[in-house]
Amino acid sequence: MRNVFTLFAGAAVGAAAALLMAPSSGKKMRKKLNKKAKKMQLEMKAQTEKGFDKFSAIKENGVEKLNDLKNNTEQIVEDAAKNINGNIKTEFVD
């Protein structure tokens, strides 16, 4: 995500420098800068949403795996407890 931000920041600086170096009137320059800024804003918003979507998917997957691990662990503990209780009962009965 940081690389994407760095890319867009560098592109914005480069675009602004190119526009400032190009010969045009102040009004035209402001219009170009405003247009570029809006375009960059939309691109950043899209990339941010994409990043949040990826994060949400990873988070959901992680929560699901942790729940599976918890359930498996609980089952192992229950089975172990049954084995221990069964062994104790048979030792006292014999």
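Read-outs: derived from the displayed coordinates by stated rules, not from any lab. Worth saying up front: this structure is predicted, and the values here are computed from it rather than measured. Quick reminder, even Gly has a Cβ in these numbers, built from the backbone with ideal geometry, and neighbours come from all protein chains shown.
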### Task
Would you please state which residues of region 32-54 a label at A18 would reach in this model, taking the label point 7 Å out along Cα→Cβ and a backbone N cut-off of under 12 Å?
36
### Query
Relative to the longest principal axis of the chain, what angle (0 to 90°, nearest 10) does the C-alpha long axis of helix 2-21 take?
0
### Message
What do you get for the angle between helix 26-93 and the principal long axis of the chain? Use alpha-carbon atoms, 0 to 90 degrees, nearest ten.
### Response
0
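How long is the gain from D53 to I84 if the chain were fully straight, where each residue apart is worth 0.36 nm and the alpha carbon distance is subtracted?
Result for the pair: 6.5 nm of gain on full extension.
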### Query
For E74 and K27 in one chain, what is 0.36 nm times their gap in residues minus the Cα-Cα distance, to one decimal in nm?
10.0 nm
